[in-house]
Amino acid sequence: MKVAVLGAGAIGAYVGAALHRGGTEVHLIARRAHLAAMRERGVRVLSPRGDFTAHPHVTDDPAEVGEVDFVFLGLKANSYATCGDLLAPLLGPETAIVAAQNGIPWWYFHGHGGELDGLPLEHVDPGGVIAASIEPERVVGSLAYFATDIAEPGVIHHTEGNKLSLGEPNSTRSERTKAIADALIAAGLRCPVTTRFFRADSSRKDSSLAVKTLRTSGTARRRLPSTALCV
């Protein structure tokens, strides 16, 4: 499996280093001092689960990497709308994108089914700019349960947690999610794949808040039923 981490910051570099240690071909795409340090010394991970150093390929030019099997998107959410040119060289016909994004994503209702299926979230993605850059069909949903920060350029401090849950937006099982999960498990992460991605018990309070937010923010173009996001 060939993986690109676009935006190899605290989370991206940690996941990329773990994947590389687990035997996956990994390409980290970063910039500035963090890029230079990782090129020179590799990625140093300081963790209560054990310190390690990995030496994946590091670049600031996605064209050096070419098409990959999946992209781990570690960019800040406010950069998604302008990342199309960076993503383009990495995308083949079947390339999947795992977006490490907090909050309700632009693709939330893609494959949802029923009257809300495909509902654009204007407040999250004004004018559909993100959806135009990142096709919803490529997205695999993810929830990260770990904490990391950049201690210094090239050095990642992993504080706690090692779980990254995956799920298809349309609640199906797929070979691509299994393949990604297998690579992450080989990297030492816990990676459950669920067909009930938006229905985990632990997310009920967040989802209740999401309903209220979507109803009052002008995000949706039609009224959401009271059970739309109750999970």
When residues of region 64-79 are filtered for being within 14 Å of the chain's Cα centre (by Cα) and buried (at least 22 other Cβ atoms within 10 Å of the Cβ), how many remain?
5
Tell me the residue from ASP61, ASP85, ASP117 that is at pLDDT below 80 and exposed (fewer than 13 other Cβ atoms within 10 Å of the Cβ), please.
ASP117
Failed condition for HIS110, given (1) assigned to a loop (DSSP other than H, G, I, E, B); (2) free of Cβ contacts under 8 Å to residues at least 12 places away in the same chain; (3) closer than 27 Å to SER171 by Cβ; (4) not β-branched (Val, Ile, Thr), with all others met?
(2)
Between a residue in region 185-197 that is without any contact (Cβ under 8 Å) to a residue 60 or more places away in the chain and any residue that is surrounded by fewer than 17 Cβ atoms within 10 Å (Cβ to Cβ) and among the charged types (D, E, K, R), which pairs come within a Cβ distance under 8 Å, given they are 6 or more apart or on different chains?
ARG190/LYS163; CYS191/LYS163; PRO192/LYS163; VAL193/ARG173; VAL193/LYS178; THR195/ARG173
Just to be sure, is GLU94 over 30 Å from MET38 (Cβ atoms), surrounded by fewer than 18 Cβ atoms within 10 Å (Cβ to Cβ) and modelled with pLDDT of 80 or more?
no
Within region 27-89, considering only strands (runs of 3 or more DSSP E) that don't extend past its boundaries, which have at least 1 residues that are hydroxyl-bearing (Ser, Thr, Tyr) and more than 13 Å from VAL155 (Cβ to Cβ)?
57-59
Mind counting the residues in region 90-107 that are of a type in the set (Gly, Ala, Ser), farther than 21 Å from GLY127 by Cα and outside any loop (DSSP other than H, G, I, E, B)?
2
Quick check on my filter: what residues within region 129-155 are closer than 23 Å to CYS191 by Cα and not hydrophobic (A, V, I, L, M, F, W, C)?
PRO136, GLU137, ARG138, GLY141, SER142, TYR145, THR148, ASP149
Being of a type in the set (S, T, N, Q) and without any contact (Cβ under 8 Å) to a residue 60 or more places away in the chain is the filter here; which residues of region 1-58 pass it?
THR53
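The values are calculated or read from the model by the stated rules, or taken from the named source; none is laboratory data. Computed from a prediction, not measured in an experiment: that's the story for all the values here. Using ideal geometry, Cβ is built from the backbone for each residue, glycine included, and neighbour counts are taken over all protein chains shown.
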